[in-house]
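Visitor: Got a structure for you, questions after.
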Amino acid sequence: MALIPRALEPELRKAAKQFPCVVVSGPRQSGKTTLLRSTFPKARYVSLDLPVVAASARSDPRGFLAAHPPPVILDEIQQVPELLSYVKNAVDEQRSRKGRYLLSGSQNLLLHSKVTESLAGRAAILKLFPLSQREIEHRSDVAIPWEKPKRRPKPEAAASFEWERLLRGGYPELVANPKLDAHLWHASYVQTYLERDVRSLRQVGDLAQFQSFVRAIAARSGGLLNLHDLSRDLGVAVNTAKAWLSVLEASHQVFVLRPFHSNLGKRLVKTPKVYVTDVGMLCHLVGIRDVEHLRHGPMAGAVFETAVLSELLKLAWNRGEEPRVTFYRTSNGVEVDFVVEEGLELVAIEAKSTATPRPDMAKSIESLRADLDSRFRRGYVVHAGDYCGPLGTSAEALPFGRL
């Protein structure tokens, strides 16, 4: 299977030159181990996912680290979080040496809390998610269309939009091996990895009911997240729904998008939106099995919107940055899918699954500009076609491939 270059690699190399410890987190099977081992081929590799290795690390952490001197890759560090305090001591003994401990983890919240406690100021934290469309196309630039020219490299030609890519998603194994059955792969992923993370993060008595919760969340991808309504529909307690959502966030399976806040006060809604992280997994969870069902079915808009957000998030994460993306929605129903903060300015983005964008699709962007004129930079209607051009005075059409 050919190695797919990852856009995060330059940031990973830079972090290893500046910090004694580098942590790469992300969902299982997103390519963390492959990236670390290919970027640092001379580093020792130890998988803490193996029970016997994890048991050895727990029983004698000092001896374990002595047996695996740096530079060393400690894979799935969340399996033995207590090892981090001993890594801290080892780092402090030779603080000036960089790139000594290269850690990976597939649980975000749990891992981050332990890193904060043990490795504050000693570790760079990066995130690696399934492949972006740019990575799938082997495009080297990670420029964003609305960036100022001094930061923007020369753009490369964008490929035409393909619904098939959304159906398969961005997990490297599915991209590298087109003959793999995507439905079977995603089904195996849910059983093998998601349930495994559930058991390690929280005791769930009824895994079948939890899977129903996961599918219900997927059916709401791109929608406002009302846990009270969701828990009522599923017949579970609200606190249980909150706990299960935290599991999905911790294992990087969903992203909760917060609403935009400004001095407009009560006009803006406060309820967040939820999105499944990988669009291929979203298609699997809602039962979409072929391209025609995806393209012409009732979930086409939600799947496309999820794909657009996924690209926005990965563009930031692949630069080692935290995404500054929210959504805009007023109490009277005016909504802009995404608002990206670019410095003090705002970029508005509408996601439309059509190949024929029209000026009326930018009406909500015009409303946002009227409310936030001093901060508004530009609006874009991201669509599934090839047309680039203006859509009124405040927005322009942007093909998905150019995003």
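The values are calculated or read from the model by the stated rules, or taken from the named source; none is laboratory data. Predicted model only: the values in this text are computed from it and were never measured. Cβ: placed from backbone, ideal geometry, glycine included. Neighbour counts: every protein chain shown.
Visitor: Which ones in region 92-125 are surrounded by 22 or more Cβ atoms within 10 Å (Cβ to Cβ), closer than 19 Å to Glu249 by Cα and at pLDDT 85 or above?
Guide: Ser104, Gly105
Visitor: Ala384: buried (at least 22 other Cβ atoms within 10 Å of the Cβ), modelled with pLDDT of 90 or more and in contact with a Ser or Thr (Cβ under 9 Å, 6 or more places away or on another chain), yes or no?
Guide: So Ala384 fits the description; yes.
Visitor: Then there's this: Among all residue pairs at least 6 apart or on different chains, which show Cβ distances below 9 Å where the first residue, located in region 81-95, is without any contact (Cβ under 8 Å) to a residue 12 or more places away in the chain and the second is in a helix (DSSP H, G or I)?
Guide: Here the result reads Asn89/Arg62; Asn89/Leu65, each pair linking region 81-95 to a residue that is in a helix (DSSP H, G or I).
Visitor: Give the residue, chosen from Arg329, Arg324, that is assigned by TED's automatic domain parsing to the domain that holds Phe260, in contact (Cβ under 8 Å) with a residue 12 or more places away in the chain, closer than 20 Å to Arg377 by Cα and out of contact with any Phe, Trp or Tyr (no Cβ under 9 Å at 6 or more places or on another chain). Explain how you work it out, then say what you get.
Guide: Numbers: Arg329 fails: out of contact with any Phe, Trp or Tyr (no Cβ under 9 Å at 6 or more places or on another chain).
Sole residue among the options that is assigned by TED's automatic domain parsing to the domain that holds Phe260, in contact (Cβ under 8 Å) with a residue 12 or more places away in the chain, closer than 20 Å to Arg377 by Cα and out of contact with any Phe, Trp or Tyr (no Cβ under 9 Å at 6 or more places or on another chain): Arg324.
Visitor: Does Val247 meet the test of being out of contact with any Pro (no Cβ under 8 Å at 6 or more places or on another chain), modelled with pLDDT under 90, of a type in the set (Val, Ile, Thr) and surrounded by 15 or more Cβ atoms within 10 Å (Cβ to Cβ)?
Guide: Criteria met by Val247.
Visitor: Applying the selection to region 19-36, what residues are hydroxyl-bearing (Ser, Thr, Tyr), out of contact with any Gly (no Cβ under 6 Å at 6 or more places or on another chain) and crowded, with 24+ Cβ neighbours inside 10 Å?
Guide: As a first pass, look at region 19-36 and keep what is hydroxyl-bearing (Ser, Thr, Tyr): 25, 30, 33-34.
If we keep only those that are out of contact with any Gly (no Cβ under 6 Å at 6 or more places or on another chain) as well, we get 30, 33-34.
Across region 19-36, the qualifying residue is only Ser30.
Visitor: OK, next. Could you please let me know if Arg232 is modelled with pLDDT of 90 or more and either surrounded by fewer than 16 Cβ atoms within 10 Å (Cβ to Cβ) or among the polar types (S, T, N, Q) (or both)?
Guide: Judged against the criteria, Arg232 is a match.
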